[in-house]
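The values are calculated or read from the model by the stated rules, or taken from the named source; none is laboratory data. Bear in mind that the values here come from a model prediction, so they are computed numbers and not experimental data. All Cβ positions, glycine included, derive from the backbone under ideal geometry; neighbour counts span all protein chains shown. To get the accessible areas, we keep the full protein, side chains included, count just its heavy atoms, and leave off ligands, DNA and RNA. Shrake-Rupley method; radii C 1.70, N 1.55, O 1.52, S 1.80 Å.
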Amino acid sequence: MLTFQYFLIAIVLVAAVGYAAWRVWQALRSADDPCSGCPGCNLKRECDKK
């Protein structure tokens, strides 16, 4: 029974670390974009035209 609990804890920890790494990767990829996460506005449309 204890082995099964350790297995579940390992799965949860791997998922949490994977999610955190993915979020850090996303943040680093969009660090140079001031409109990161913005759905769009006039300023973004003007910047995209250039």
Cysteines of the chain lacking any other cysteine beta carbon under 4.7 Å? CYS41, CYS47
I'd like the carbon and sulfur percentage of the solvent accessible area for the chain, probe radius 1.4 Å, heavy atoms only, ligands and nucleic acids excluded. 68 percent
Checked against the positive end of the charge dipole of the chain (+1 on Cβ of Lys and Arg, -1 on Cβ of Asp and Glu, about the Cα centre), the farthest of ALA20, LEU43, THR3 is LEU43
Size of the dipole of the chain about the Cα centre, Lys and Arg at +1 and Asp and Glu at -1 on the beta carbon, nothing else charged, in debye to 20? 140 debye
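Taking only protein heavy atoms into account and a 1.4 Å probe, give the accessible area per residue of the chain in Å². Kindly include the intermediate steps, with their values, before the conclusion.
Details: 4730 Å² over 50 residues.
I get 95 Å² per residue for the chain.
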Got a sec to turn the phi values of region 12-25 into Karplus ³J(HN,Hα) couplings, 6.51 cos²θ - 1.76 cosθ + 1.60 with θ = phi - 60°, whole Hz, x for Gly and Pro? 5, 5, 5, 5, 5, 5, x, 5, 4, 5, 5, 5, 5, 4
